[in-house]
Amino acid sequence: MATGRRQRSRRRALALSGLAVAVLVAFVATLMVGRTVYGLDEVIPVLLGEPVPGAAFTVGELRLPRATLAVLAGFAFGIAGATFQTMLGNPLASPDILGVSSGAGAAAVFGIIVLGVNDSATSVFALAGALATAGAIFLLSNRGGFAGTRFILIGIGLASMLQSITSYMLARAAEWDIQRAMQWLTGSLSGASWEQLAPLALATAALLPVLLLGARSLELLRFGSDAATALGVSVGRARLVLIIAAVALLAFATAGSGPIMFVAFMAGPIAARLAGPGSSILLPAGLTGALLVLLADLVGQNLLGERYPVGVVTGVLGAPYLILLLIRMNRTGQTS
């Protein structure tokens, strides 16, 4: 038993180290690669605050905020998705599928098209929409006792309704408003700024400790309420705290970058395969999410001929993964 525990700890440490190195490499590559390619001898001085001609603006003012937003948003999406998937014991239980992202999108589109708000106010609308949708799902699924399957089904139903509302607003919008709304809905890192990053950075600093402290309770909740209660978990309180923290983190990330689809959905299962069983996957999932967003942005900006928003690339990756997962779950008879 002790040998198995050491092996699991070693595997988790290797996974965390490997993911951290991969995120760092992808981060630096994002700063170096673009229409103009800069070497490390130019990028590193810029990071140290030196006024390198040309690179100081391109790297320091354009690429650095964009890459930092990619890391923070991907990290937040990954941890939020893994929290939901672990708590509900279902890989389909990610914010993309459950309607939280759809709630943020519908509220943001309402602000853009109906009220004509600016980008800062759009982020506030997205934050409020995500929180309101998650609250509605939780309240509706908690009637008569909490049930994971009911939570997922209600979330999927609300997602469909909110997507229909969003489509209706887009169909009646002016051309300029449609362009703004679609850019936001796709999920994009364009125009990233330090002011845009600040709320997400503060939210991550505040909410990450809450989720990490609840990691043990989260792992026990996957075995069901009765088992978790028998092992000393205050199920109702733990579930409420974890949902609020995960949704708030997701909402701030969505407000900053738009709903970058399928990152929350893919990060947890990938991290679980890398880290192995027997330990929390929250940190590995966060690093996996950051890596996915960085790589998707590199591909979308530099390798496809045209420049595509990061959400387009993650959508192309995530849709086949969702189909394969549904086929596998159907074969194994998994329902929850």
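Things to note:
- Any chance Ala248 is of a type in the set (A, V, I, L, M), in contact (Cβ under 8 Å) with a residue 40 or more places away in the chain and on the phi < 0 side of the Ramachandran plot: yes
- Check on Ser101, within 21 Å of Ala238 (Cβ to Cβ), among the hydroxyl-bearing types (Ser, Thr, Tyr), out of contact with any Leu (no Cβ under 7 Å at 6 or more places or on another chain) and at pLDDT below 90: no
- Residue count for region 116-151 satisfying the condition of being more than 28 Å from Pro199 (Cβ to Cβ), touching a Phe, Trp or Tyr at 6+ places or on another chain (Cβ under 9 Å) and crowded, with 18+ Cβ neighbours inside 10 Å: 1.
- Residue within region 44-62 that is within 19 Å of Ala296 (Cβ to Cβ) and among the small types (Gly, Ala, Ser) present: no
- Residues (of a type in the set (Val, Ile, Thr) and either at pLDDT below 85 or over 21 Å from Leu325 (Cα atoms) (or both)) located in region 253-269: Thr254
- Checklist (1) acidic (Asp, Glu); (2) at pLDDT 80 or above; (3) farther than 25 Å from Gly311 by Cα applied to Asp226, failing item: (2)
- Residue check for Leu317: out of contact with any strand residue (DSSP E or B) (no Cβ under 8 Å at 6 or more places or on another chain) and either surrounded by 21 or more Cβ atoms within 10 Å (Cβ to Cβ) or part of a loop (DSSP other than H, G, I, E, B) (or both): no
- Candidate set: region 268-284, residues that are under 14 Å from the mean Cα position of the chain (by Cα) and in contact (Cβ under 8 Å) with a residue 24 or more places away in the chain; chosen: the one farthest from Leu207 (Cα to Cα): Pro269
- With respect to (1) under 30 Å from Leu16 (Cα atoms); (2) part of a loop (DSSP other than H, G, I, E, B), the lone exception for Val117 is condition (1).
- Residue match in region 287-310 (condition: surrounded by fewer than 20 Cβ atoms within 10 Å (Cβ to Cβ), small (Gly, Ala, Ser) and within 21 Å of the chain's Cα centre (by Cα)): no
- Residue in region 231-240 that is of a type in the set (A, V, I, L, M, F, W, C) and modelled with pLDDT of 90 or more present: no
- Subset of region 214-233 that is hydroxyl-bearing (Ser, Thr, Tyr) and under 27 Å from the mean Cα position of the chain (by Cα) - its residue that is nearest to Leu282 (Cα to Cα): Ser217
- For Ile97: the one exception among (1) surrounded by fewer than 24 Cβ atoms within 10 Å (Cβ to Cβ); (2) over 17 Å from the mean Cα position of the chain (by Cα); (3) under 30 Å from Leu221 (Cβ atoms): (2)
- In region 1-93, counting only helices (runs of 4 or more DSSP H) that sit wholly within it, the ones holding 3 or more residues that are more than 23 Å from Phe252 (Cα to Cα) span 2-32, 40-47.
- In the set Leu19, Leu14, Leu31, Leu92, only one residue is within 30 Å of Leu325 (Cβ to Cβ), buried (at least 22 other Cβ atoms within 10 Å of the Cβ) and out of contact with any Asp or Glu (no Cβ under 7 Å at 6 or more places or on another chain); that residue is Leu19.
- Residue in region 139-152 that is modelled with pLDDT of 85 or more, part of a helix (DSSP H, G or I), in contact with a Leu (Cβ under 7 Å, 6 or more places away or on another chain) and among the aliphatic types (A, V, I, L, M) present: no
- Looking at Ile244, Ile260, just one residue is outside any helix (DSSP H, G or I) and closer than 24 Å to Val71 by Cβ, and that residue is Ile260.
- On the stretch given as region 320-333, residues that are within 15 Å of Ile97 (Cβ to Cβ) and at pLDDT below 75 total 3.
- Scanning region 172-206 for residues being charged (D, E, K, R) and closer than 18 Å to Leu62 by Cβ gives a total of 1.
The values are calculated or read from the model by the stated rules, or taken from the named source; none is laboratory data. None of these values were measured; they are calculated from a predicted model. Don't worry about glycine lacking a Cβ; one is built from the backbone with ideal geometry, like all the others, and counts go over all protein chains shown.
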